[in-house]
Amino acid sequence: MYNKLKLYVPPALWLLLFLLSVYRFEWIAQWLSFLGPSKGALRARAPLSFYVFQHVRLVLISTFFSMVLGITLGLLTRFRPFREFKEPLLQTATFLQTLPSIAILALSVPLLGYGQAPVVIALVFYGLLPILRNIIQGLDSVPEEVRLSAAGMGMTPWQRLIDVEWPLALPAVLAGIKTSVIINVSAATIGATMGAGGLGVLIVNGIRTMDIMLIIKGALPVSLMAFLINSIFTLLEEQWFGNRDGVRL
Amino acid sequence: MIQTKNLTKIYNGITAVDNVSLEVPSGELCVLLGPSGCGKSTLLKMINALVPPTSGEIFVNGKNTHDIPVELLRRGIGYVVQNVGLFPHYTVMRNIGVVMKLLNKPKEDIEKRALFLLDLIGLPRSYASRYPRELSGGEAQRVGVARALAADPAILLMDEPFGSVDPLNREHLQNSFTEIQKTLKKTVLFVTHDVSEALMLGDRILLMQEGRIVREGTPGDLVFQEGDNFSQAFFGSEMALKLLSRYRVGQAYTKGMKIQNAACQPSRVGEAIPCLVSGNMPLSEALSLMIINGCRELAVSGDGFPQGTLSFESLLSYFRKGAPNVQ
Ligand SMILES: Nc1ncnc2c1ncn2[C@@H]1O[C@H](COP(=O)(O)OP(=O)(O)OP(=O)(O)O)[C@@H](O)[C@H]1O
Ligand SMILES: [Mg+2]
């Protein structure tokens, strides 16, 4: 019981810090006042929560589509006509992931133009990669003899996928989604340069006007959000798949 | 009945199974024996369509397996995978019930059957709620056997089912499997590379080498008839001793005989008392007792066997009479 409760401490702490950075930025600004006076940070046009909301919306929408697309594509690679694409897909995904998100977003401007929709599309694509890679690898890592006995007992390919391979790949899929969300939380800041709004607006403006406090005002919630999401996923992993073996590694 | 005709499997140039024609009649326990890599598993996998043959045909109960939908074929065949392959995310109970669930059996039936099978393989019923990671290798293997038996298939393909069970439990399993087989009369193709296991369990043994069946016959045939060099080397020169465990004292002893040879005495006790054994004792143990106690004769009684004696001479003559006794 105590151990279970202990798991909730990190997410709660990160959530608290995140909310503080959004609703009580004055406190932080005061605390950091030695960095110099803020020109625009404390009297912005819109409240900070407005940018946070835009940012979260951007991330949620793009992650949702990344998940749907990534999982669908990953599952499709288990079936006959698409099986051929598994290796190329895996290699492409692994390669594209090595490109920085800023490059992907910059490349998407000439292709898709400015605004929210192009940014979402670029984020969906970028966030797709870790999910796709992990689901393919997760499904591949199901032990051969498990696969063999599932088939040998007369499960249909569909039953094998849904009842055996998918549940066994789930931890890897969850890890992929986690990477995807966290990458997109930071990648979404670049969306500001492409007219998608979000916390990146503050950072970009801060850089333009050389206002450190404004940069911090935008960057702090972004990084705290990433920590918060990371801790939530750690909690989920622990709850669902944690310590299954009774082995501490 | 399982039948194969000129079955061949070639994996990228390597011939794993080479022109094998075999027949396992209904109710027979046929052992596929051979060294590592000789193609036993491959042969088994072709029968339940896990591996497509390069050429040749397979018949199950007279039907070409090519004409049976694979899922239907496989659900009718109990399959014990080499290396077990239990589902890690299922409890023991659910693992055992997989095929029954596929056949839409009601949940209560599945649970009852799973508990029955746990008793049968000698695991406590409390194991039903365990996960495979909480089992030892040998325990997992026994659950694998239970899983194959669950839907009560007429045909069983067993790929080294007792491979990692310790000798004591292994013997227990082999004995209970022989017992089950006596009443259920399943058609079994049993893969092993253990000569003792083959001689003890098999109604008939097929010896494989490099993808081909090089010798076949009853355990008695294989021990008493001369084979080629490979066969002799594989069975080893103490094969007759291994054959002994197949037979019981009750089959070879002489009823109603009085003990004549007083040499029979457990050394620890001063008095000369005959060694008393049950008719159910395997002949291997009886011979072992004679050696340990330095006696040529054992008194037989109990377990519903009429009193009598088993002498070393009667043991020899039981086998000397040859083929009729030695099945
Ligand atoms: N999927 C495969 N691809 C290529 N070669 C294979 C494959 N499976 C088996 N083989 C080869 O076929 C031969 C027979 O393998 P098989 O697994 O049938 O042997 P086995 O008799 O079951 O051996 P063991 O007792 O070690 O289990 C071996 O030489 C093996 O290397
Ligand atoms: Mg094998």
Note to self: It is to be established whether one or more residues within the range B:184-195 are within 14 Å of chain A (Cβ to nearest Cβ), open to solvent by 20 Å² or more (accessible area, probe 1.4 Å) and away from ligand 2 (no atom under 16 Å from the Cβ).
What the structure shows: no
Checklist line | Tally, over the range B:40-91, of residues that are free of Cβ contacts under 8 Å to residues at least 60 places away in the same chain, aromatic (Phe, Trp, Tyr) and within 16 Å of ligand 2 (Cβ to nearest atom) | finding: 0
Checklist line | Residues satisfying the stated conditions in the range B:91-148, i.e. assigned to a helix (DSSP H, G or I), among the basic types (Lys, Arg) and within 12 Å of chain A (Cβ to nearest Cβ) | finding: B:Arg94, B:Lys101, B:Arg133, B:Arg147
Checklist line | Single residue of A:Gly176, A:Gly191, A:Gly197 found to be modelled with pLDDT under 90 and in a helix (DSSP H, G or I) | finding: A:Gly191
Next item on the list: Test each condition in (1) surrounded by fewer than 24 Cβ atoms within 10 Å (Cβ to Cβ); (2) in contact with a Phe, Trp or Tyr (Cβ under 9 Å, 6 or more places away or on another chain) for A:Lys217 and report the one that comes out false.
Entry: (1)
Notebook entry, point to check: Based on what the data block shows, is A:Ile207 without any contact (Cβ under 8 Å) to a residue 12 or more places away in the chain and open to solvent by 20 Å² or more (accessible area, probe 1.4 Å)?
Noted result: yes
Margin query: Can you tell me how many residues within the range B:38-62 are within 14 Å of chain A (Cβ to nearest Cβ), part of a loop (DSSP other than H, G, I, E, B) and within 16 Å of B:Gly78 (Cβ to Cβ)?
Written below: 3
Next item on the list: Check the range B:67-77 and report whether any residue there is more than 24 Å from B:Arg133 (Cβ to Cβ) and more than 13 Å from chain A (Cβ to nearest Cβ).
Entry: yes
Checklist line | Residue count for the range B:1-20, restricted to those that are open to solvent by 40 Å² or more (accessible area, probe 1.4 Å) and free of Cβ contacts under 8 Å to residues at least 60 places away in the same chain | finding: 8
Item checked: Restricting the range A:111-168 to residues that are hydrophobic (A, V, I, L, M, F, W, C) and outside any helix (DSSP H, G or I), the residue that is farthest from the other protein chains (Cβ to nearest Cβ) -> A:Val142
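I need the full set of residues from the range A:107-126 which are open to solvent by 50 Å² or more (accessible area, probe 1.4 Å) and without any contact (Cβ under 8 Å) to a residue 60 or more places away in the chain, in order please.
Matches in the range A:107-126: A:Leu107, A:Pro110, A:Leu111, A:Leu112, A:Ala117, A:Ile121, A:Phe125.
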Check: Quick one: A:Phe53 ticks every box in (1) modelled with pLDDT of 90 or more; (2) over 25 Å from A:Ser186 (Cβ atoms) bar one, so which box is it?
Finding: (2)
Note to self: I'm told B:Ile77 meets every condition in (1) within 21 Å of the chain's Cα centre (by Cα); (2) among the aliphatic types (A, V, I, L, M); (3) over 28 Å from A:Val164 (Cβ atoms) except one. Can you identify the failing condition by its number?
What the structure shows: (3)
Next item on the list: Could you grab me the full set of residues in the range B:284-307 that are hydroxyl-bearing (Ser, Thr, Tyr) and modelled with pLDDT of 85 or more?
Entry: B:Ser284, B:Ser288
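Kindly state which helices (runs of 4 or more DSSP H) lie completely within the range B:197-255 and contain at least 1 residues that are among the polar types (S, T, N, Q).
On the way: elements: B:219-224, B:229-235, B:239-244, B:249-252.
Those helices (runs of 4 or more DSSP H) span B:229-235, B:249-252.
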Next item on the list: Go through the range B:23-55 and count every residue that is surrounded by fewer than 19 Cβ atoms within 10 Å (Cβ to Cβ), more than 8 Å from ligand 1 (Cβ to nearest atom) and among the aliphatic types (A, V, I, L, M).
Entry: 0
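The values are calculated or read from the model by the stated rules, or taken from the named source; none is laboratory data. Because the structure is predicted, anything quoted here is derived from the model rather than measured. Every residue, glycine as well, gets a Cβ built from its backbone with ideal geometry; the counts of neighbours run over all protein chains shown. SASA here: full protein model, heavy atoms, side chains in, ligands and nucleic acids out. Shrake-Rupley method; radii C 1.70, N 1.55, O 1.52, S 1.80 Å.
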